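Since the structure comes first, as structure tokens, the remarks are kept for the end.
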Amino acid sequence: MPTVLTILGTRPEIIKLSPVIPLLDQQFDHILVHSGQHYSYEVDAIFFEELDLPAPAYTLGVGSASHGEQTARILARLEPILLERRPDAVLVQGDTNTTMAGALCAAKLGIPLAHLEAGGRSFNRAMPEEQNRIIVDHIADLLLAADTIAADNLRREGLAEERIRVIGSTAIDAAQRHQARAAQASILEQLELRPGSYLALTVHRAENTMPDILPGMLRAINELAEEHTIVFPIHPRTDAAMQRQGLALSPRVRVCRPLGYLDTLRLVGAARALLTDSGGLQEEAAVLGTPLLIVRNETEWRYLVDAGVAVLIGNSYASILAGAREWLAPPALERLRAAPAPVRAGAAERAVAALADLVSTRRVA
Ligand code: UD1
């Protein structure tokens, strides 16, 4: 049986690989490696429990560090494992430092590399995630793109057609599969919220936690909290940035710890709207039919904006307030809610079939 090694390390990778891992376990001698980039229970272990995933065979324990240090630790700790196990292919997902380091390590050893979520572009090269995406796509042998926009981005960068497959998004598979279980989650009762009575909010992107953006963003949120109930599960990065910058939220904002997957789906699914800068949550909101206001100037999931289920409202004080007031008003909000979401199931199966092709052609070659 051919061997495939998957490396993951952060919350979004765990969620988006969750429908793929059981299929890999069935079809391959599958080795799961966790970089340890995320390590707190609430952004890591809880997802293994809720999504019923097997424990990784190796944990690299890299933890938090600067980008260079974190990447270097993954490279140094993964290389001996790849040398010893010699997988027929390596799979990475997304755009994190774990994705980039895992990809680089495999490519340098000449191991066939597959990238899930290839071709996503914000066209903002200052984002660490954008740098990671570009590097990984250019060294991967199999580019598993979520949609035709992503595939066109790859073609425009000169990447060979035979490497590209449009397979859909595994975040959508995961959300659809867990929607029914999420309906039983108790988060609304715990927070004493009625469905439809509140806005859900998340912010964690590096650029949004910088001192030139975060203060204005929080000021806008504090003002919106005068008009709306806002529930804000706070990411560790944002929490730390607020403390460093001496920023506070109005007591009217309902702040809570990062939530598990099922609670997140329940909270977002019952929200009047979601305001977020998260990539994964944008697709989850689409599956759940929740109007989506993206607090960024660009998105990798442009197909959701094109479909009319999401709008970009920017990340400045003025643009957030103006965008929220425009889009949370009833006719505009109803238009967002009524637009049919372009969600397509089966990405995990298509990803694993493409990976099997990659492995069989490389083995014959
Ligand atoms: C990373 C990814 C991002 C992804 C996000 C999801 C990169 C460049 N970015 O960003 O694409 O959307 O994960 O969460 O890889 N921390 C903890 N506990 C943890 C992990 C982190 O407290 O388990 C804190 C640490 O203070 C750390 C900070 O969060 O310095 C940021 O963590 P890091 O992994 O560097 O980046 P994220 O912002 O989580």
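The values are calculated or read from the model by the stated rules, or taken from the named source; none is laboratory data. No experiment lies behind these values; they were computed from the predicted model shown. Quick reminder, even Gly has a Cβ in these numbers, built from the backbone with ideal geometry, and neighbours come from all protein chains shown.
Observations, loosely collected:
- Here ASP147 fulfils each of the conditions (1) over 21 Å from ILE15 (Cβ atoms); (2) outside the structural domain of GLY289 (by TED's automatic domain parsing) apart from (1).
- Look at segment 221-243: where a residue is within 13 Å of VAL43 (Cα to Cα) and a partner is in a strand (DSSP E or B), sitting 6+ places away or on another chain with Cβ atoms under 6 Å, you get PRO233/CYS256; ILE234/VAL255.
- Restricted to strands (runs of 3 or more DSSP E) entirely inside segment 134-206, those with at least 2 residues that are under 24 Å from LEU24 (Cβ atoms) and touching a residue at least 12 places away in the same chain (Cβ under 8 Å) are 142-145, 164-166.
- Yes/no for LEU104 being in contact with a strand residue (DSSP E or B) (Cβ under 6 Å, 6 or more places away or on another chain), within 16 Å of the ligand (Cβ to nearest atom) and under 26 Å from ALA57 (Cα atoms): no
- Criterion applied to ALA57, ALA107 was being out of contact with any Ser or Thr (no Cβ under 8 Å at 6 or more places or on another chain), within 20 Å of LEU358 (Cβ to Cβ) and at pLDDT 95 or above, and the one residue passing it is ALA107.
Let's see how each residue does on (1) more than 16 Å from the ligand (Cβ to nearest atom); (2) surrounded by fewer than 16 Cβ atoms within 10 Å (Cβ to Cβ); (3) in a strand (DSSP E or B):
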site	(1), (2), (3)
LEU5	yes, no, yes
ASP25	yes, yes, no
HIS38	no, no, no
PRO54	yes, yes, no
GLY63	no, yes, no
GLU69	no, yes, no
ALA76	yes, yes, no
PRO80	yes, yes, no
GLU84	yes, yes, no
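- Consider segment 199-223 and keep the residues that are charged (D, E, K, R) and more than 12 Å from ALA248 (Cα to Cα). The one that is farthest from the ligand (Cβ to nearest atom) is GLU223.
- The number of residues in segment 210-236 being touching a Ser or Thr at 6+ places or on another chain (Cβ under 7 Å), crowded, with 16+ Cβ neighbours inside 10 Å and part of a helix (DSSP H, G or I) comes to 2.
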